[in-house]
Amino acid sequence: MTDYDIVTVGSGHNGLVAAAYLAKAGKRVLVLERNAWFGGGVVSRELTRPGFRHDQHSMTHIFIQANPLLQRDELGLKGRFGLRYLFPDSPMMSVFEDGSTLTMYRDPKRTAAEIAKWSTRDAAAFLRMSAQAAAWLPMLVATLYTPPMPLGASSALMDQSREGRELWRTIQMSCHDVLASYFEHDRVRAHFARVAGENLVSADEKATGIGVFVFLGFLEAYGFGVPVGGSGRLTDALVQCIESYGGAVMAGQDVTEVTITNGRAAGVVTAAGQKFAARDAVIGAIHPHTLSAMVAGLDPEVRKAAEATQITEAACVTVHAALDGPLQFRTPDPVQSVMIELMPATYREMRECFDNLRYGEFMRTHLLGMGMLSMFDATRVPPGKGVAHIWDYAPYRRPDGCSWDEGKAAYAASMLERLRHYTTNLDDVLLDFHCDSPLDMERTSPSFRRGDLHGIATTSYQSGSHRPTPELGQYRVPGVERMYLVGPFQYPGGGVFGAGRATAQVMSDDLNIDFSKLEQPA
Ligand SMILES: Cc1cc2nc3c(=O)[nH]c(=O)nc-3n(C[C@H](O)[C@H](O)[C@H](O)COP(=O)(O)OP(=O)(O)OC[C@H]3O[C@@H](n4cnc5c(N)ncnc54)[C@H](O)[C@@H]3O)c2cc1C
């Protein structure tokens, strides 16, 4: 038995962030990771050939940029542990089948000029949308990195003013409803609807409307962060931070049980039978569907609600390519954005792709998104070479009855065939590739259950303080003292948010730690 103050199950960035704040508070912290590597969804690995570092999951760090964790450098990740970001001028663009493009820039006037290629009316509407996004952003940012306000209270607050009611209305609308009220051109609507798709939901899903404004607000105010050296550099900096405060981070430790003593989380047991005691608390990256298997004696109502949380039908498939040189696109326009969306012919076709998923079918066409971050950061690859990260959505349970292990090679080949449609030299530069199916996705982290890269679906009834369920929405587990949760299935949701900070705040309240002292730059 080895004693610590805090034991954290999982070295995903959220678990590491929570553990690092507690380590900064003087607690003796241990992080246990089942994989042979650290980081969960924030990892860079040589998946194809030596020297080619691929961001296996997250590649751009968007929402963490406004987190006081980085804004004030509360853990010294930038100042002391070498974390650096690049912010390219163009965070995102769409490339259409006919070679036309719509590029977004951090400067709204440049984006408006792009939109004016299609519709001057839409260009003017975009500037209105951008102004609205900028107006809402500070209020949204103020709510993202602390525990969520109870849903009833936040609705009551919004209901008190005209502006609040307009925000509430937008929150309840679908992305499509919002886009149809701003834009007339099919391409412009398709471009912005693809943004909703990145949240693994159809643009037609109700209560996705606010996503357009959140995304646009972040894109313009903060840009899309490209971590120098790869996504995993955030993980490396967090591990160094924990170790600098005397904490330990251990790989190859599969935790099978959280031990409970007198109704209180008291430690963990690994698959190898090793026991670690936690004097103060246990933090767990534990999916709601498996919470009761890890934490014995869970209240039956808490368990029932946790197991009823819903997972999206849009599971993720990725292809990571090692390239011998730059990929050339068929379009004459420059392709130099962080996220590059390879668009179907029409907006309708995109919406119907999500309808296919709803019925358990493969999408009628691949909705490929891609990033080639070596074009901004050459440190990830050998000189002159490149990497590409290409993603698509598919049902976790394949309609053809084939298993993903049997079918993924053909699926990856079909994704690459689709990429050939937009590029001219794929076969000349493709050295090697690695494909992760939805099944591989959940093997790399139990958070990505059934290939849902947000853990559970991003729907209104699983959002805010009701994420994942009303009982578990404050990162605590009712009935089990000193057990705390982190993960994409917790508020504010999937993505590199650094949300473990909010878990650390809740823990600080319970452990009589003055969190304001942890907010000082390290
Ligand atoms: C393909 C893909 C692309 C993505 N792209 C982006 C992007 O570009 N930008 C963005 O912001 N977000 C992106 N995301 C989402 C983002 O990666 C996740 O939301 C985020 O990494 C979740 O972090 P986390 O710390 O909450 O959980 P995780 O990263 O899932 O970490 C949980 C960790 O806990 C470990 N663990 C779990 N159970 C145990 C156990 N019992 N014992 C020991 N260890 C355990 C897991 O192995 C894992 O390492 C992407 C996700 C995927 C899958």
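The values are calculated or read from the model by the stated rules, or taken from the named source; none is laboratory data. Only a predicted model underlies this, so the values are computations on that prediction, with no experimental measurement involved. Please note: Cβ atoms are built from the backbone with ideal geometry, for glycine as well, and neighbour counts cover all protein chains shown.
Please go through region 440-473 and pick out each residue that is hydrophobic (A, V, I, L, M, F, W, C) and within 30 Å of Ser154 (Cα to Cα).
Passing the criteria: Phe448, Leu453, Ile456, Ala457, Leu472.
Table: residues versus (1) touching a helix residue (DSSP H, G or I) at 6+ places or on another chain (Cβ under 6 Å); (2) more than 30 Å from Leu157 (Cα to Cα).
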| residue | (1), (2) |
| --- | --- |
| Asp186 | yes, yes |
| Ala207 | yes, no |
| Leu219 | no, no |
| Val228 | no, yes |
| Arg233 | no, yes |
| Ile242 | yes, yes |
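Just checking, which of Gly273, Gly263, Gly284 is farther than 26 Å from Arg443 by Cβ, of a type outside the set (A, V, I, L, M, F, W, C) and modelled with pLDDT of 95 or more?
Exactly one residue qualifies, and that residue is Gly263.
Could you pull out the residue among Thr60, Thr48 that is of a type in the set (Val, Ile, Thr) and more than 16 Å from Gly225 (Cα to Cα)?
Of Thr60, Thr48, the one residue that is of a type in the set (Val, Ile, Thr) and more than 16 Å from Gly225 (Cα to Cα) is Thr48.
Within region 245-272, work out how many residues are surrounded by 13 or more Cβ atoms within 10 Å (Cβ to Cβ) and either more than 14 Å from the ligand (Cβ to nearest atom) or outside any loop (DSSP other than H, G, I, E, B) (or both).
Matching residues across region 245-272 total 18.
Looking at region 323-338, can you tell me whether even one residue there is within 16 Å of the ligand (Cβ to nearest atom), on the phi < 0 side of the Ramachandran plot and acidic (Asp, Glu)?
So far as region 323-338 goes, no, none of its residues is within 16 Å of the ligand (Cβ to nearest atom), on the phi < 0 side of the Ramachandran plot and acidic (Asp, Glu).
Provide a single number: the residues in region 41-87 that are closer than 20 Å to Glu198 by Cα and within 12 Å of the ligand (Cβ to nearest atom).
15
Could you grab me the full set of residues in region 26-64 that are among the hydrophobic types (A, V, I, L, M, F, W, C) and within 17 Å of Thr379 (Cα to Cα)?
Val43, Leu47, Phe52, Met59
Restricting attention to region 339-349, does a residue exist that is under 23 Å from the mean Cα position of the chain (by Cα), assigned to a loop (DSSP other than H, G, I, E, B) and not small (Gly, Ala, Ser)?
Yes, region 339-349 contains at least one residue that is under 23 Å from the mean Cα position of the chain (by Cα), assigned to a loop (DSSP other than H, G, I, E, B) and not small (Gly, Ala, Ser).
I'd like to check which helices (runs of 4 or more DSSP H) are fully inside region 363-461 and have at least 1 residues that are surrounded by fewer than 22 Cβ atoms within 10 Å (Cβ to Cβ) and within 16 Å of the ligand (Cβ to nearest atom).
Output list reads 404-422, 438-444.
Filter region 281-290 down to the residues that are within 11 Å of the ligand (Cβ to nearest atom) and surrounded by 22 or more Cβ atoms within 10 Å (Cβ to Cβ), then identify the one that is farthest from Ile311 (Cα to Cα).
Ile283
Only residues that are away from the ligand (no atom under 14 Å from the Cβ), part of a strand (DSSP E or B) and not hydrophobic (A, V, I, L, M, F, W, C): list them for region 1-29, please.
Result: Thr2, Asp3, Tyr4, Asp5.
Please verify whether Lys78 is in a loop (DSSP other than H, G, I, E, B), of a type in the set (Lys, Arg), modelled with pLDDT of 95 or more and under 25 Å from the mean Cα position of the chain (by Cα), treating the condition exactly as stated.
yes
I'd like to know if region 32-43 contains one or more residues that are closer than 21 Å to Arg279 by Cβ, modelled with pLDDT of 95 or more and either of a type in the set (Ser, Thr, Tyr) or assigned to a strand (DSSP E or B) (or both).
Yes, some residue in region 32-43 is closer than 21 Å to Arg279 by Cβ, modelled with pLDDT of 95 or more and either of a type in the set (Ser, Thr, Tyr) or assigned to a strand (DSSP E or B) (or both).
Could you tell me how many of the residues in region 471-510 are buried (at least 24 other Cβ atoms within 10 Å of the Cβ), more than 14 Å from the ligand (Cβ to nearest atom) and closer than 28 Å to Gly225 by Cα?
0
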